[in-house]
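Inspection log for the structure reproduced underneath, given as structure tokens.
The values are calculated or read from the model by the stated rules, or taken from the named source; none is laboratory data. Not measured: the values here are computed from a predicted model. So basically every Cβ, Gly included, is an ideal-geometry build from the backbone, and we count neighbours across all protein chains shown. Surface areas here come from the heavy atoms of the whole protein model, side chains and all, with no ligands, DNA or RNA. Shrake-Rupley method; radii C 1.70, N 1.55, O 1.52, S 1.80 Å.
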Amino acid sequence: MLLTYADLLQESVLLFVTFFGAVVVALVAGIAFHEFSHAFTADRLGDTTARAAGRVTLNPVRHLDPVGTVFLMIGGFGWGKPVPVNPWRLRKGPKNGRAIVAAAGPVSNLLLAVLASLPLHLGLVDWRSPFLVPSTVRFWDAGDYLGLFIGSLIIFNVILAVFNLIPLAPLDGFAVAVGLLPHDLSLTVARLEPYGPGILMLLIVIPFVAPGQISILHEFMSPVINFLTDIIAGGGRALE
């Protein structure tokens, strides 16, 4: 993230701080709301493990992982502390209950994106994407920066939702897939859980260690992110 906006320092330190601050606040809010939703849903389904750990709260400090936060600041990619859940204590059962708790995170991010889009639909601010910085940015006023902040909230919450719905462990999409698939197929997919983190890390790292290689994650996620952002923001495009 720092590298992405470093060139803005040539324009203005204030400009850099504003852009960087908007993106970080959007990501921190999105991660905190995401993890809170996991904890809240598990608590409502009868598992008090997350409540006992102090995770049924919107306080970002309770949800942010120190290492994940550092990666967030530097590279724009981070993670929160996993919410402790005992699936056997969930009223819906370990399979369906776990799927519901897992789905609560991405759904909450989409809900936050929809709520953040209200000023756009009311005509109070104009759409601004943190990934599509215009050459006229030096002439922006307070309204433009507010649009940037709202755009950041929308885009990064959509990104969090789409990324976490990828059906690879330890992402939420894996538990959702296992919960929705028919019994036999669900058992087959569940056996792949130990391999998920390695596959996911490989997909993330390949574009960095092999420049020029197509990012499979980017190719998969970008159309979905642009589609959802277009619907939520009413025509706002998120990514190139």
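Filter the chain for me: DSSP H helices, axial length by Cα at least 30 angstrom, mean Kyte-Doolittle hydropathy not below 0.0. List them by residue number.
Numbers: long enough: 13-44 (45 Å, 1.49); 94-116 (33 Å, 1.00); 142-164 (33 Å, 1.73).
Result, helices passing both filters: 13-44, 94-116, 142-164.
Heavy atoms only, probe 1.4 angstrom, no DNA, RNA or ligands counted: give me LEU187, LEU202, LEU110, LEU120 ranked by accessible area, highest first.
On the way: LEU187 80, LEU202 105, LEU110 50, LEU120 25 Å².
Of LEU187, LEU202, LEU110, LEU120, the descending order of accessible area is LEU202, LEU187, LEU110, LEU120.
Roll a 1.4 Å probe over the protein heavy atoms and report the accessible area of ILE225 in Å², nearest 10.
Here the residue's solvent-accessible area equals roughly 0 Å².
Net charge around LEU171, counting only other residues with Cβ within less than 14 Å of its Cβ (Lys, Arg = +1; Asp, Glu = -1)?
Surrounding charge for LEU171 is -2.
Counting only protein heavy atoms and using a 1.4 Å probe, what share of the accessible area of the chain belongs to carbon plus sulfur, as a whole percent?
Its accessible area is 69 percent carbon and sulfur atoms.
Using the Cα centre as the reference, give the magnitude of the dipole from point charges on the C-beta atoms of region 32-188 (Lys, Arg: +1; Asp, Glu: -1; all else neutral), rounded to the nearest 20 debye.
Values: 12 positive and 9 negative charges, 110 e Å.
Computed about the Cα centre, the dipole is about 520 debye.
Give me the number: length gained by fully extending VAL114 to ALA52, i.e. 0.36 nm times residue separation minus the C-alpha to C-alpha distance, one decimal in nm.
That pair, VAL114 and ALA52, stretches by 19.3 nm at full extension.
Students sometimes get this wrong: rank TRP140, TRP79 by accessible area, probe 1.4 Å, all chains present, largest first. Mind dumping the intermediate values first?
Numbers: TRP140 30, TRP79 95 Å².
In descending accessible area the options line up as TRP79, TRP140.
What number comes out for accessible area per residue over region 21-137 if the probe is 1.4 Å? Units Å², please. Intermediate results must be reported in sequence, preceding the final value.
Values: 5690 Å² over 117 residues.
Using a 1.4 Å probe on heavy atoms only, each residue of region 21-137 averages 49 Å².
With a 1.4 Å probe and all protein chains left in place, how much accessible area per residue does region 144-205 have, in Å²? Before the final figure, lay out each step's value.
Numbers: 2820 Å² over 62 residues.
On a per-residue basis, region 144-205 sits at 45 Å².
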